[in-house]
Amino acid sequence: MELNLERQQQAREYARKRRQIFYIDLAIGALGVLFLLASGLDKGLRNLLQPLVWHPIPGWFPLQILIYFLILVLAYQVLTTPLTYYGFVLSHRYGLSTMTLRAWILDRLKGLALGLVLEVCLVELVYLLLALQPQTWWLSVGLLLLLFSVVMANLAPVLILPLFYKFKPLPEGELTQRLLTLAQRANTRVRGVFSMELSSKTTVANAALMGLGNTRRIVLGDTMLDRYTPDEIEVVLAHELGHHVHADIWKLIVTQSVLTLGGLYLANVVLHQVVEAHTYQSLTDVALLPLLFVLMGVFGLVVMPIGNAISRAIEYQADEYALQATKKVDAFKSAMTRLANQNLADIEPSPLIEFLFHDHPSIGRRLKHADAFATHHG
Ligand SMILES: [Zn+2]
């Protein structure tokens, strides 16, 4: 498998345009919130909603919170819709999307609805706990989010993802047999292997380990199954098996929870300060929402490279596992090259870009890893 240099050129362009979308999106969010804070509209909106006095618990005004939150989210959606649409156009221009505009809009509406329901629940819960436990709310929220991510990791492959993709068990055959052999040698059991109909939306190939406990499974995109050799797919399966053997889903959940808890604690410190300075009426003032978004956004940006660094280390270990388990260095390298060509992945992003944004080592690094493995074991 040869690296397609023309595709590499396109990959660099595409990645650059994607990053521009990310920066503009960030700027719109930041300017929007700054405008709210500077103009005093954050408090104006609260004053407007103050007639909604229903409060089942002292200090917790669920209707005010709901409407305030919906206004913020809808305003953000309206402002960023042209940008999101441009992202859709771009993915077509580079031949990565196979979706019609209609299907794309439908998917976005589904995603938005799902996100809104979960976010509204979270925001209401945060305010409820702020009212009940003004000092320790952040700890309770952090623990509940940890519980929630465990439940979601469990349910996502059977409840959430089927809303967007069709899944089929991989038929008994050479590939499942190879995976069973790998799993037996690792003294573990894989609960299932599924193919995922990625081709209905994208030309990009992907594979993943998903689920926890009863729902744990390896998922292969049909965009990979139809054009990779059995050896290449075996190496990919071994990589996913590596994630399972290393309990990586748990590692990611714990990492995310620790980072989130840190962020919530910092938010707690800031909230107490602004309330003591009489900038806001109380800890449960709904006008604090824009400030909370700023804190979440800034914190998210700061910890993104930390999360990505941990993820890259985990991926490196899964590659190492795949190489050890299969010893198929050539198949590993050709699978990586095929991925770079097919997914329009820049094999050598600048170190800074990789550090900030990439949750997998660059394909260039993964190829070098395979070469180093071959030198030590060949
Ligand atoms: Zn992986």
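Selection of the range 206-221 for residues being within 13 Å of the ligand (Cβ to nearest atom) and aliphatic (A, V, I, L, M) yields Ala207, Ala208, Leu209, Met210, Ile218, Val219, Leu220. Counting the residues of the range 248-297 that are at positive phi and at pLDDT 95 or above gives 0.
Taken as a whole, the structure leaves Gly364 outside the set of residues that are out of contact with any helix residue (DSSP H, G or I) (no Cβ under 6 Å at 6 or more places or on another chain) and touching a residue at least 24 places away in the same chain (Cβ under 8 Å).
Scanning the range 222-240 for residues that are in a helix (DSSP H, G or I), away from the ligand (no atom under 16 Å from the Cβ) and of a type in the set (Asp, Glu), we see that the one that is farthest from Met196 (Cα to Cα) is Asp231.
Which one of these is without any contact (Cβ under 8 Å) to a residue 24 or more places away in the chain and either buried (at least 21 other Cβ atoms within 10 Å of the Cβ) or part of a helix (DSSP H, G or I) (or both): Gln273, Gln256?
The unique qualifying residue is Gln273.
Restricting the range 298-324 to residues that are away from the ligand (no atom under 16 Å from the Cβ) and over 15 Å from the mean Cα position of the chain (by Cα) leaves a set whose member that is surrounded by the most Cβ atoms within 10 Å (Cβ to Cβ) is Phe299. Taking (1) aliphatic (A, V, I, L, M); (2) more than 16 Å from the ligand (Cβ to nearest atom); (3) within 30 Å of Leu31 (Cα to Cα) in turn, Val329 satisfies each apart from (3).
Scanning the range 241-250 for residues that are within 12 Å of the ligand (Cβ to nearest atom) and free of Cβ contacts under 8 Å to residues at least 60 places away in the same chain returns a single hit, His244. Looking at Gly192, Gly173, just one residue is without any contact (Cβ under 8 Å) to a residue 12 or more places away in the chain and under 20 Å from Glu232 (Cα atoms), and that residue is Gly173. Please determine whether any residue of the range 251-266 is within 16 Å of the ligand (Cβ to nearest atom) and farther than 30 Å from Val294 by Cβ. No, the range 251-266 contains no residue that is within 16 Å of the ligand (Cβ to nearest atom) and farther than 30 Å from Val294 by Cβ. Of all residues in the range 165-221, those being more than 19 Å from the chain's Cα centre (by Cα), within 30 Å of Leu101 (Cβ to Cβ) and assigned to a loop (DSSP other than H, G, I, E, B) number 3.
Note on the range 325-366: residues that are more than 21 Å from the chain's Cα centre (by Cα), assigned to a helix (DSSP H, G or I) and closer than 30 Å to Leu301 by Cβ amount to 5. When Ser91 is tested against the conditions (1) part of a helix (DSSP H, G or I); (2) surrounded by 16 or more Cβ atoms within 10 Å (Cβ to Cβ); (3) out of contact with any strand residue (DSSP E or B) (no Cβ under 9 Å at 6 or more places or on another chain), the lone failure is (3). Looking only at the range 122-145, decide whether some residue is without any contact (Cβ under 8 Å) to a residue 24 or more places away in the chain, under 22 Å from Leu198 (Cα atoms), out of contact with any strand residue (DSSP E or B) (no Cβ under 8 Å at 6 or more places or on another chain) and in a helix (DSSP H, G or I). Scanning the range 122-145 turns up no residue that is without any contact (Cβ under 8 Å) to a residue 24 or more places away in the chain, under 22 Å from Leu198 (Cα atoms), out of contact with any strand residue (DSSP E or B) (no Cβ under 8 Å at 6 or more places or on another chain) and in a helix (DSSP H, G or I).
The values are calculated or read from the model by the stated rules, or taken from the named source; none is laboratory data. Quick caveat: nothing in here was measured; it's all calculated off a predicted structure. No Cβ is skipped: glycine too gets one built from the backbone with ideal geometry, and neighbour counts run over all protein chains shown.
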